[in-house]
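Engineer: I have a structure here, written as structure tokens, and I will follow up with some questions on it.
The values are calculated or read from the model by the stated rules, or taken from the named source; none is laboratory data. The shown structure was predicted, so the numbers you read here are calculated from the model rather than taken from an experiment. Glycine also receives a Cβ, built like all others from the backbone with ideal geometry; neighbour counts cover every protein chain displayed. Accessible surface areas use protein heavy atoms only, side chains included; no ligands, DNA or RNA. Shrake-Rupley method; radii C 1.70, N 1.55, O 1.52, S 1.80 Å.
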Amino acid sequence: MKRRQFLRNSALGLAVLATGGCHTPRRRISANERLNLGIIGTGNRALANLRGVAGENIVALCDVDSKYLGAAASEFPGAATYRDFRRLLDRGDLDAVVISTPDHTHAVTAAAALDQRLHVYCEKPLTHTVSEARILSEKARRARVATQLGTQIHADGNYRRVVELIRSGAIGLVSEVHVWAGTVYGRDQDATLAPVPDSLDYDLWLGPVPHRPFRNSYHPSWWRNWWAFGGGTLADFGCHHMDLAHWALNLHHVDRVEAEGPPVDPETVPPWLVVRYEYPGREHPDGGRSLPPVSLTWYQGGRRPPHFSGGILPEWGDGNLFVGEKGMLLAGYDSHALLPEENFRDFQRPEPTIPDSIGHHQEWIRACKTGAATTCNFDYSGALTESVLLGNVAYRTGRDLEWDAAKLRAANAPEADRYIRHHYRDGWRL
């Protein structure tokens, strides 16, 4: 574990030296000032993010679809409008950007903003490929700006209480975690070729992806069904659900990944998937002791941990199951339970140690203005995104991957590189 950490820190240090050292944000902002924000992506989930930061100064809006752009502009009539995010970033008055585009354009957009020393809020997953996640993490560290991944559940009180319970040893040392989500992508997608909608600049929507004919399901709703743009259920919900285990158990880079699912389709994502991650031993986040290796299993598309069929667990929606030496902890977005219940009837919960959040967007805004920390910065969420995406890499490769985090490669499967590293069409780069 110490050698791996040394290699990782050494690689990052060399990257900083190679680029001439660290930078600072473009402009110093007082706590009482409003940020000048550029909003990249304005419809659907993006609209929720826009409203989450609406108390700041929205100076620019960008969307490749004029229908969504027009709707957002009617709510913020003082903002300039753009279809190309690169033109928005040409402005000299921005402090920060909020990025809520499809996965395949997260990296190029965020990287361009970080290169200009702008603070960045980006929807999950951080990137479309593993290599992009590592690059963004390193760029953010060099830029020394406030970054936040859009894992909004991280700010809720329930996740904080679960983290406190796990870290306090309520169920003993944890060496096994199960994580599941019932949402299904990759089934009954509309592959019909169709004319590009009049409102959409399709070339800009494709961004770094090589040109392909437009299909009905690409925009606006079902692009996650296609490997070219997303990664199905795992990419959509993995960062939300696996976030809890990463936070509570101080997980970072994985050692080994294996996956099973239906036969691989070269174009579309699988409706179900089971992925097994093996994480190495590491230090307790509070210091003073070591934590054992952890096996984390991900299930999607109707697959669930065997504990449910065995009648060991109560009815439950999506969530996490932590298995410890002294019991289990079952958790969802907004509730949790210590099991077996009879073993915890007289249990005294630890006093809260993690302060309540002021709100996921507000946490980032405060960090932009004051330099305070964010809980889902790109260093933390970059490693989380890498682990999530490696599940899809293992599935598509059909190999159990032995992951070398320092070298960003599967040591036993060089053929996995085609899915690990990004490949852009001419004119696009990080």
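Engineer: Could you check how many residues of the range 57-100 are open to solvent by less than 30 Å² (accessible area, probe 1.4 Å), under 19 Å from Pro220 (Cα atoms) and either part of a helix (DSSP H, G or I) or among the polar types (S, T, N, Q) (or both)?
Structural biologist: 5
Engineer: Scan (1) out of contact with any strand residue (DSSP E or B) (no Cβ under 8 Å at 6 or more places or on another chain); (2) farther than 17 Å from Lys124 by Cα for the single condition Ala383 breaks and write down its number.
Structural biologist: Condition (2) is where Ala383 drops out.
Engineer: Sticking with this one: All but one of (1) more than 19 Å from Val274 (Cβ to Cβ); (2) modelled with pLDDT of 95 or more; (3) among the β-branched types (Val, Ile, Thr) hold for Thr192; which doesn't?
Structural biologist: (2)
Engineer: Any residue at all in the range 158-170 that's at pLDDT 95 or above, more than 30 Å from Ala372 (Cβ to Cβ) and not acidic (Asp, Glu)?
Structural biologist: Narrowing the range 158-170 to residues at pLDDT 95 or above: 158-170.
Checking which are more than 30 Å from Ala372 (Cβ to Cβ) leaves us with none.
No: zero hits.
Engineer: Here is a list of conditions, (1) farther than 20 Å from Gly52 by Cβ; (2) open to solvent by 40 Å² or more (accessible area, probe 1.4 Å); (3) among the hydroxyl-bearing types (Ser, Thr, Tyr), and Ser387 meets all of them except one; can you say which number that is?
Structural biologist: (2)
Engineer: Only one of Gly287, Gly359, Gly319 is without any contact (Cβ under 8 Å) to a residue 24 or more places away in the chain and of a type in the set (Gly, Ala, Ser). Can you tell me which? Talk me through it step by step, then tell me what you get.
Structural biologist: Working: Gly359 fails: without any contact (Cβ under 8 Å) to a residue 24 or more places away in the chain; Gly319 fails: without any contact (Cβ under 8 Å) to a residue 24 or more places away in the chain.
Exactly one residue qualifies, and that residue is Gly287.
Engineer: Filter the range 174-198 down to residues that are of a type in the set (Ser, Thr, Tyr) and touching a Ser or Thr at 6+ places or on another chain (Cβ under 6 Å) and give me whichever is farthest from Pro262 (Cα to Cα). Can you show your working first?
Structural biologist: Narrowing the range 174-198 to residues of a type in the set (Ser, Thr, Tyr): 175, 183, 185, 192.
Going one step further and asking which of them are touching a Ser or Thr at 6+ places or on another chain (Cβ under 6 Å), we end up with 183, 185.
Numbers: Thr183: 16, Tyr185: 13 Å.
Looking at residues that are of a type in the set (Ser, Thr, Tyr) and touching a Ser or Thr at 6+ places or on another chain (Cβ under 6 Å), I get Thr183.
Engineer: Tally the residues that are within 24 Å of Ala181 (Cβ to Cβ), charged (D, E, K, R) and part of a loop (DSSP other than H, G, I, E, B), restricting the search to the range 273-306.
Structural biologist: Result for the range 273-306: 2.
Engineer: Further question: Counting just the residues of the range 411-426 that are more than 21 Å from Gly230 (Cα to Cα) and of a type in the set (Gly, Ala, Ser), which one comes out least open to solvent (accessible area, probe 1.4 Å)? Before the answer, list the steps.
Structural biologist: Within the range 411-426, the subset more than 21 Å from Gly230 (Cα to Cα) is 411-414.
Remaining after also requiring of a type in the set (Gly, Ala, Ser): 411, 413.
Working: Ala411: 54, Ala413: 1 Å².
In this case the residue turns out to be Ala413.
Engineer: Let me ask something additional. If I filter the range 143-150 for residues that are under 24 Å from the mean Cα position of the chain (by Cα), assigned to a helix (DSSP H, G or I) and either without any contact (Cβ under 8 Å) to a residue 40 or more places away in the chain or buried (at least 21 other Cβ atoms within 10 Å of the Cβ) (or both), do I get at least one hit?
Structural biologist: Kept after step one, since they are under 24 Å from the mean Cα position of the chain (by Cα), are these residues of the range 143-150: 143-150.
In the following step, the residues that additionally are assigned to a helix (DSSP H, G or I) were identified as 143.
Add one more test, that the residue is either without any contact (Cβ under 8 Å) to a residue 40 or more places away in the chain or buried (at least 21 other Cβ atoms within 10 Å of the Cβ) (or both), and what stays is 143.
Among the residues of the range 143-150, at least one is under 24 Å from the mean Cα position of the chain (by Cα), assigned to a helix (DSSP H, G or I) and either without any contact (Cβ under 8 Å) to a residue 40 or more places away in the chain or buried (at least 21 other Cβ atoms within 10 Å of the Cβ) (or both), which makes the answer yes.
Engineer: Further question: Residues in the range 409-427 that are touching a helix residue (DSSP H, G or I) at 6+ places or on another chain (Cβ under 6 Å) and in contact (Cβ under 8 Å) with a residue 40 or more places away in the chain: how many?
Structural biologist: Here the count works out to 4.
Engineer: Would you mention how many residues in the range 1-51 are out of contact with any Ser or Thr (no Cβ under 9 Å at 6 or more places or on another chain), at pLDDT 50 or above and not hydroxyl-bearing (Ser, Thr, Tyr)?
Structural biologist: 12
Engineer: State the number of residues belonging to the range 357-410 that are of a type in the set (Gly, Ala, Ser) and more than 27 Å from Trp226 (Cα to Cα). Break it down stepwise before answering.
Structural biologist: Taking the range 357-410 and keeping what is of a type in the set (Gly, Ala, Ser), we get 357, 359, 367, 371-373, 381-383, 387, 391, 394, 398, 405-406, 410.
Imposing the further condition that a residue be more than 27 Å from Trp226 (Cα to Cα) reduces the set to 357, 359, 367, 371-373, 406.
Qualifying residue count, the range 357-410: 7.
Engineer: Here's another thing I want to ask about it. If I ask for residues that are surrounded by fewer than 24 Cβ atoms within 10 Å (Cβ to Cβ), of a type outside the set (S, T, N, Q) and not in a strand (DSSP E or B), which ones from the range 109-123 would you list?
Structural biologist: Correct list: Ala111, Ala112, Asp115, Arg117.
Engineer: Here's something else I'd like to know. If a residue must be open to solvent by 10 Å² or more (accessible area, probe 1.4 Å), in contact with a helix residue (DSSP H, G or I) (Cβ under 8 Å, 6 or more places away or on another chain) and over 10 Å from Thr101 (Cα atoms), how many such residues does the range 28-43 contain?
Structural biologist: Selection size over the range 28-43: 4.
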